[in-house]
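Below you'll find the structure, written out as structure tokens, and then a few comments.
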Amino acid sequence: MKDSQPSTIYLKDYQVPPYLIDKTELTFDLDETTTVVTSRLHMRRNPEFGLSTTPLVLDSGVDVKLIALAIDDYTLPEEEYRLSENQLIISATPDVFILTCETLIEPQNNTRLEGLYRSSSMFCTQCEAEGFRHITFYLDRPDVMSIFTTTIIGDESRYPVMLSNGNEIERGKTDEGKTFVVWHDPFPKPAYLFALVAGDLEVKNDVFVTQSNKEVKLQIFTESHNLDKVDYAMEALKRSMRWDETAYGREYDLDIFMIVAVDDFNMGAMENKGLNIFNSSCLLASPKTTTDDSYLRVEAIVAHEYFHNWSGNRVTCRDWFQLSLKEGFTVFRDQSFSADMHSETVKRVEDVSFLRTAQFAEDAGPMAHPVRPASFIEISNFYTLTVYEKGSEIVRMIHTLLGAEKFRAGSDLYFERHDGQAVTCDDFVSAMEDASGVDLTHFKRWYSQSGTPVIEVTDEFDAASGVYRLTMTQHTPETAAQPVTLPLHIPVKMGLLDPNGQEISAYFNGQESQEHVLHLTAESQVFEFTGVTTQPVPSLFRSFSAPIKLRYDYSSEDLLLLMSSDSDGFNRWSAAQQLAVNELTVLINQAIAKQALSIDSQLVKGFKNLLENKELDPAMVALILALPSQAYLSELAETIYPAAIKEARGFFKKLIAKELEEDFGRLYREHHLEGEYSPQAKDIAHRSLKNMALSYWLETDSELAHQTVKTQFESANNMTDQFAALSSAVHSQHEDAENMLASFYEQWQHEPLVVIKWLMLSANQEAADALSRVKGLMEHEAFDLKNPNKVRSVLGGFGQNVSGFHHEDGSGYAFLADQIIVLNKLNPQIASRLCTPLTRWKKLQPELGQKMKGQLERILKEDLSKDVYEVISKCLA
Ligand code: B3K
Ligand code: ZN
């Protein structure tokens, strides 16, 4: 442990910047060993700040070495400034001046992958949130917006492509024979949106004509061997540009839009102005190497980063506490886009399933925080599911409360009012209120209160008067950081079904309708419906109209009815999940009590009907058939017994498979597609159902199923089918699984994006010796501790491995802790993310929980980065 602990930054302490930077001129002299960065910052005191004698405090990283410093033409001697580990302080400055800084950095030694670094043979950057300070001294905060001009100097033979934000305005040769390129971005931006790329790259060109008839040049850059995998991303980009024009009236603003793929990247992608940088796993796609899920992910991320051009870049965040202003809104925008491109219900089910599993767990754990956090130690730790996914749910609820038309008026006003500004979540809500006339004062509490609200619902029906009453009570669990919680404004989209599954048209507040939006605002409220002639089954929170946990005592019959008849596709899925959870809970409890597992399953009956219905979207059928995951059941559990959950799921899947063996065989044949692969929704749907059927079918003793999986693995013409066959073989412990894994690696060892899938599946493989296998993977030629994708695959996959990670002797926890300690020095952001599985220790069965806690205590004794320190110390608080 360090002697002094990192300090906490609070939202309440926000102050406007004392200085502004109107123009930023940067020169990068790129070299293999040292890169010299010269900045000329056109600065002035901020009139809004007040005090005119405040010193100039610039942010920096330990890795930036100062060579020379001047104010206007005066070179500052050492006694006129002070340098600390992360600041440069100049006590006296004029009111208006140019600060010139010459600094030296070593991108090739930058393993944190923040600032300027090397990935393969190229230079690239990642500056959000606070990476720019690792390049040069700066006011590295989002409310300092500046016009950037960037000169890149490099050896043309090694770096024929040199890119930065905006438009290329000049190119030539230096006296030493190097090439220089000058880029100018006319839009003021914070430093976190700065980008630079230099390398030997190939380009795919295209053109987009905007709605006002402006031609935009589109370019995607990759290393030459990947150029054949960018067509899908290019088409997705054009679809995104068109969609943002029609759905939000937003047009692209520069003459050129560039995307670059890099192999070493801490997250998915980055929305730098005019020059997006992508993790290659989120950009490249080809039928032979990319699964359907990854195709959809590429499309969604291309859209997400593009949409940031307005929600994030043109209108940015005042401070990092407002991160959800751009992220929550942009996730909502990309989710709506994907829903429009494919199936709205399928998309909603996938998003909610993820939210309910991972975000709910975060919101109930030691890192729980509001969508607009009140404090942080390291902002990188707050790029969370809460800020992104729950943040998107907040925007979705505003959409529900206002209706589509007024929501659009609100977003138009927001963009118009705040174009070129750095603003807050309150500004976003105010624009929505001003354009719609809807009062969102109470609703805004969603931004400041953490935790997942629990809604208890009871009902009563009076046949004589035809009155049906719903009583709803809300409570948000307290957390350590939040001892008091208050009622929220919760939109409840709902309908009523009669016993035959028909929608009931009932009166609420004098309005007759089959669907209603109720406003739950108090701790407890009664909603009365009239004109109801039969005892209804309520369909509540349709489309998941609020991110809450619903408690209503549905019988199995009610759930079967909703599952087969609800007009809301989302709730049909949700009812099936609930029924599965109920039955799995019985089995889990039997497993915990070490009893023989047995159940008279109602879900099997529901599945039987489902599989016989030919009208349904195959993608929805596949989603309904997917059993609640190990992670979701862990989130729901009061105390997590990992092995019992695994045993119950395994037993249940086999039971369903045996009961419906013939149906699964038939489904497999019916949904098998011949012909060329296409990532269009219709084909994806067939493949998802076929492969879901295969995974059940393999749980039976059918010889044919066991042969089929091998045939599919060997002869598939696309990665979706090949990888699905491999995964099913591995998870069902097929006798040929080992050979299949080995031949898969053999076949794809030269495709890094396939290799990361293989690493993940191998690390995830349940086996008595899972830990030694994972240790073997880390020694494998395919592994590289400096590559985040590979680390995420192996250690992330292992974190989901019940027999390995949760081994009763605690060796799995100790192993992960060892890796976190090593990565803490190499790449703190990645190390901190890897802590997630350890954050659940308090909920684990006590003997395991104590072992996990011991590892957390061991990590805390190390000399930790801010990133890891914050997570581990909060876990132990
Ligand atoms: N804005 C970036 C995330 C940056 C994460 C920095 N640790 C990608 C995105 O959300 O679009
Ligand atoms: Zn984003």
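The values are calculated or read from the model by the stated rules, or taken from the named source; none is laboratory data. What you are looking at is a predicted structure, and each value in this text was computed from that prediction instead of being measured. So basically every Cβ, Gly included, is an ideal-geometry build from the backbone, and we count neighbours across all protein chains shown. Remember, those area values only see protein heavy atoms, side chains included, never the ligands or the DNA or RNA. Shrake-Rupley method; radii C 1.70, N 1.55, O 1.52, S 1.80 Å.
Some notes on this structure:
- Within the accessible area of segment 346-500 (1.4 Å probe), percent carbon and sulfur: 50 percent
- The residues packed around His475, meaning those with a beta-carbon under 9 Å from its beta-carbon, carry a net charge of -2 if Lys and Arg are +1 and Asp and Glu are -1.
- Sparse-neighbour loop sites [GluC sites (Glu not before Pro); segment 157-245; at most 12 other C-beta within 10 Å; DSSP]: Glu176
- Candidate cross-link partners of Lys23 among the lysines, defined by an alpha-carbon separation under 30 Å and a same-chain spacing of 8 or more, comprise Lys12, Lys65, Lys173, Lys178, Lys189, Lys214, Lys217, Lys273, Lys326.
- Taking the longest Cα principal axis of the chain as reference, the axis of helix 846-860 is set at about 0 degrees.
- Once the 1.4 Å probe is applied to the protein heavy atoms, the chain comes out at 39 Å² accessible per residue.
- Distance between segment 714-767 and segment 822-877 - C-alpha centres, whole angstrom: 31 Å
- The candidates Arg242, Arg45, arranged from most to least accessible area with a 1.4 Å probe in the full protein assembly, appear as Arg242, Arg45.
- Percent accessible area from carbon and sulfur atoms, segment 167-286, protein chains only, probe 1.4 Å: 46 percent
- Protection proxy ranking, peptides 687-696, 414-423, average beta carbon neighbours within 10 Å, highest first: 687-696, 414-423
- Near Val454, the amide H atoms lying under 5 Å from its own belong to His475, Thr476, Lys549; only residues 5 or more places off or on other chains count, and H is placed 1.01 Å from N.
- Summing +1 for each Lys or Arg and -1 for each Asp or Glu among the other residues whose beta-carbon sits under 12 angstrom from that of Ala422 gives +1.
- Relative contact order (percent, whole number), the chain, Cα cutoff 8 Å, 6+ residue spacing: 9 percent
- Where only alpha carbons of the chain are counted, the Rg and the Dmax (Å): 28.0, 95
- For the listed peptides 804-817, 70-83, 434-447, a ranking on the average number of other beta carbons within 10 Å per residue, highest first, reads 804-817, 434-447, 70-83.
- Rg followed by Dmax, in Å, when segment 618-756 is reduced to its Cα trace: 15.7, 48
- Cα-based helix-to-principal-axis angle, 569-592 vs the chain, degrees rounded to 10: 80 degrees
- DSSP bridge orientation in the chain - percent antiparallel, rounded to nearest 5: 80 percent
- Of interest is the spacing of the C-alpha centroids, which for segment 228-256 and segment 14-53 amounts to 32 Å.
- Working note: Karplus 6.51/-1.76/1.60 with θ = phi - 60° gives segment 19-35 the couplings 10, 10, 10, 6, 9, 10, 10, 10, 10, 10, 9, 7, 8, 5, 9, 9, 10 Hz, where Gly and Pro are set to x.
- Summed residue charge, Cβ within 15 Å of Leu610's Cβ, Lys/Arg positive, Asp/Glu negative: -3
- Rolling a 1.4 Å probe across all protein chains gives Val16 an accessible area of roughly 40 Å².
- Spacing of the two label points (7 Å from each Cα toward its C-beta) at Ser120 and His686, in nm: 3.5 nm
- In sequence order, segment 739-747 has phi-based couplings of 5, 5, 4, 5, 6, 5, 4, 3, 5 Hz under the Karplus curve 6.51 cos²θ - 1.76 cosθ + 1.60, θ = phi - 60°, and Gly or Pro positions carry x.
- Cα-based helix-to-principal-axis angle, 425-436 vs the chain, degrees rounded to 10: 60 degrees
- Using the Cβ-Cβ distance between Glu85 and Arg40 with R0 set to 30 Å, the FRET efficiency from 1/(1 + (r/R0)^6) comes to roughly 0.75.
- Ellipticity estimate at 222 nm from DSSP helix runs (n ≥ 4, -39,500 (n - 2.57)) divided over the chain, nearest 500: -12000 deg cm²/dmol
- Residue by residue, segment 339-352 carries 3J(HN,Hα) couplings of 4, 5, 6, 10, 9, 4, 5, 4, 4, 5, 4, 5, 5, 5 Hz when phi is fed to the Karplus relation 6.51 cos²θ - 1.76 cosθ + 1.60 (θ = phi - 60°); x denotes Gly or Pro.
- Rg/Rg_globular for segment 328-475, with Rg_globular taken as 2.2 N^0.38 Å and Rg from C-alpha atoms: 1.21
- Probe 1.4 Å, all protein chains present, accessible-area order of Tyr383, Tyr138, largest first: Tyr383, Tyr138
- The distance separating the Cα centre of segment 433-502 from that of segment 266-305 comes to 37 Å.
- Arg542, Arg833, reordered so the largest accessible area comes first (probe 1.4 Å): Arg833, Arg542
- Per DSSP, loop GluC sites (Glu not before Pro) in segment 731-797 with at most 16 further Cβ within 10 Å: Glu735, Glu766, Glu781
- Here segment 753-877 is treated with +1 on each Lys and Arg Cβ and -1 on each Asp and Glu Cβ, and its dipole about the Cα centre works out to around 420 debye.
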